[in-house]
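Student: Okay, here's the structure, questions in a sec.
Taken together, the values in this text are just the output of simple stated rules run on the coordinates, not laboratory data. As the structure is a computational prediction, the values presented were derived from the model and not from experiment. Every residue, glycine among them, receives a Cβ derived from its backbone with ideal geometry; neighbour counts consider all protein chains shown.
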Amino acid sequence: MNLRAKLFLFLIALVAALVLLAAVVSNRVVVEEAQARLAQQLAAAEPLYRSVWESRTRLLAGAIESIAGTDYVKRVLGLLYDSPDPVAARETVRDLARELLGRQLDQADVLFVTDGEGRIVVADTLKVRGISFPARLPATPGLQEGGQPVTRTGLQLLGNRLFQLASVPVLVHGAQAGPPKVMAILAAGYEVTPEVATSLGRATLGHVLIFVGETLYASTLPSGQEPLPAHLVPAAEGEKRASRKVELAGQRYLAFTEPLRGLTGQPIGSLVLLQSLESAVHLAWAIQRWLILLGVGTLLLGGFLSFILTRAIVTPLERLDRAAAELGRGNYDYGIGVTGRDEVGRLAETFNQMRVSLQGTQQELIQRERLSAIGQTVGSIVHDLRNPLTIIRLGVEYMRDDPAVASQYRQEFQDLSEACNRMETMVQELLEFSRGEAPLETGPVPVGQIIQEALGILRQPGVDHVRVEVRGDMSLKVLADHGRISRALVNLIRNAVEAMEGKGKVELRAQAAGPVVQLEVSDNGPGIPFSIREKIFEPFVTAGKRGGTGLGLTIVKKVVEDHKGRIFFETESGVGTRFVVELPAAA
């Protein structure tokens, strides 16, 4: 698998993972937020269901309290103790209780009358049937400080049915001063039915379940509901639990448990409130569906962007790979187009710089190999040339100094002697150049002196029709090796004369250019051919000349560079060529 495919698959996997993570996180956030809100609603609903639950109980207790405090009721209840016929007395009390409580308590289902110890004397049903009554109430109302009666309310099982009761003591005062005594207890209550659970459910906007122990006595759940899960049934009476999740008939709820107390104040049952989580679940699924659609769109868009990004990254690397392969095959002309300034663009630019550097290094190595071959050849030739040149030079100098020679020929012999000296110097320089040896003896040299010595080349035969013009400031001085620079300038003039085939104009110019002095050699010849313009300073490169080895400009360039100078040229076909040598100006 190539880099493009790996990068593309990685980006696709990354986008898919981010979309999946967003879906999971959003679903969890939505559900948890919904649970938190429902828990807050349940906590806020506690006062509501307590108000609904206690309102009927307070109504019962208030009615009983209003009856228990009347003298008429106390006289009738006194029959339970004073009448010689207890059975007739109980019937009278039952009829009185039915009349009074039934008229004031239209919602009461049962009523009791006990003696002062809590033993049930009269028990009757007002609206329900089939109830078994205990022998006594589980708790006897007492007295508060100051002799005020204590009203008790709470749940009570009568047989297998659950009731909410309210009991109030009937007090009598003795003949002597002291606290009142409990003469009897009046109690009434209503059955806890699904209708009661429904009224509580309307207040809490949820389902209500009422347990005693593990037995469900009232519920707002639909009939035929599957058995309640064990973790929903309160583990212990009176245990108050925080909200938790349960599942009933495939639906999820948030459950909250509140203890219910009996007449003694001890917990005997539990009230469970259920709030449905289905709306939150549906909202989460709706969000997930949208996230899935968004994810698919994101994947498609991410795939497209990944393709573009992969192409933008990998394509330049592929071009770099091909360029490196070409470089390995020795093709130093294969470059990379730089299309930006980012990391990839800078990498391409660095590669191009490396390629140019390697190309220059290779060319330098090739040139050194060529010069080494020249050195080996010149080394053997120089020894063969020096002896004949020495003999010729000595002969010429002898003839020049011989008094018998006519004076008009002495100048010619002097020129021949100087030519021999120049040839010996050139052979020695060629040998030193080929070996990489070029010691310099620099000093301030006037430009005019260099140019005048270089113009001696024009006194040779065959250049009679070359016109020379010298321009500029001849008083300028350069820091140079006099002989080496003069011979370099001679090479440039010789090339110009040979390019014009002995006919034309050569112009020499000297001018200051800041810290350097420019020496120009211009001609009006045919110009340098296109084929050799880029490699004109390389060894053995020549064209348009009858003679020459192609080393002249190579030697000139090395001499100039040894002086920490610079040489360049301008040429135009049919117009001419201009060479410019820049040398450090002398102080």
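Student: Pop the C-beta distance of Phe568 and Ala17 into the FRET formula with R0 = 56 Å and round what comes out to the nearest 0.05.
Tutor: 0.40
Student: Here is a follow-up. Put a dot 7 Å past each Cα toward the Cβ at Thr125 and Thr264; how far apart are the dots in nm?
Tutor: 2.6
Student: HN-Hα J couplings of segment 393-404 from phi, Karplus 6.51/-1.76/1.60, θ = phi - 60°, integer Hz, Gly and Pro as x?
Tutor: Whole-Hz 3J(HN,Hα) from phi for segment 393-404: 5, 5, x, 5, 5, 5, 5, 5, 8, 6, x, 6.
Student: Quick one: order Lys127, Lys557 by neighbouring beta-carbon count within 10 Å, fewest to most.
Tutor: Lowest count first: Lys127, Lys557.
Student: Which one of Ala496, Ile567, Phe530 is farthest out on the positive end of the charge dipole of segment 442-584, using unit charges on Cβ (Lys, Arg +1; Asp, Glu -1) and the Cα centre as origin?
Tutor: Ala496
Student: If I take R0 = 45 Å and measure r between the Cβ atoms of Asn352 and Asp384 in this structure, what FRET efficiency does the formula 1/(1 + (r/R0)^6) give, to the nearest 0.05?
Tutor: Calculated transfer efficiency: 0.40.
Student: In addition: What are the ³J(HN,Hα) couplings of segment 318-327, residue after residue, when phi is run through the Karplus curve with 6.51, -1.76, 1.60 and θ = phi - 60°? Round to Hz, x for glycine and proline.
Tutor: Values, residue by residue: 5, 5, 5, 5, 5, 5, 5, 5, 5, 5 Hz.
Student: What distance in nm separates the two pseudo spin-label positions at Asp333 and Phe304, each 7 Å out from Cα along the beta-carbon direction?
Tutor: Roughly 4.3 nm, to one decimal.
Student: What residues qualify as long-range amide H neighbours of Asp109, i.e. H under 5 Å apart, gap of 5 or more or another chain, H built at 1.01 Å from N?
Tutor: Correct list: Gly189, Tyr190, Glu191.
Student: Which cross-chain or sequence-distant (5 or more) residues have an amide H under 5 Å from the amide H of Gly472, H modelled 1.01 Å from N in plane?
Tutor: Those qualifying (amide H under 5 Å, at least 5 residues apart or on another chain) are Ala510.
Student: Let me ask something else about it. If you wrap a convex hull around the Cα atoms of segment 442-584, how much volume per residue is inside, in Å³?
Tutor: 100
Student: To continue, here is another question. Fewest first, what order do Ile292, Ile485 take by the number of other Cβ atoms within 10 Å?
Tutor: The most exposed by this proxy come first: Ile292, Ile485.
Student: Then there's this: How large is ³J(HN,Hα), in whole Hz, for each residue of segment 553-567 in order, when computed from phi with the Karplus curve 6.51 cos²θ - 1.76 cosθ + 1.60 and θ = phi - 60°, using x for Gly and Pro?
Tutor: Calculated HN-Hα couplings, in order: 5, 4, 5, 4, 4, 5, 4, 4, 5, 4, 8, 6, x, 8, 10 Hz.
Student: Separate question: Using amide H atoms built 1.01 Å from N in the peptide plane, name the residues 5+ places from Leu137, or on other chains, whose amide H lies under 5 Å from its own.
Tutor: The list, which skips near neighbours in sequence, is Ile120.
Student: Give me Met474, Met183 sorted ascending by neighbouring Cβ count inside 10 Å, so fewest comes first.
Tutor: Met474, Met183
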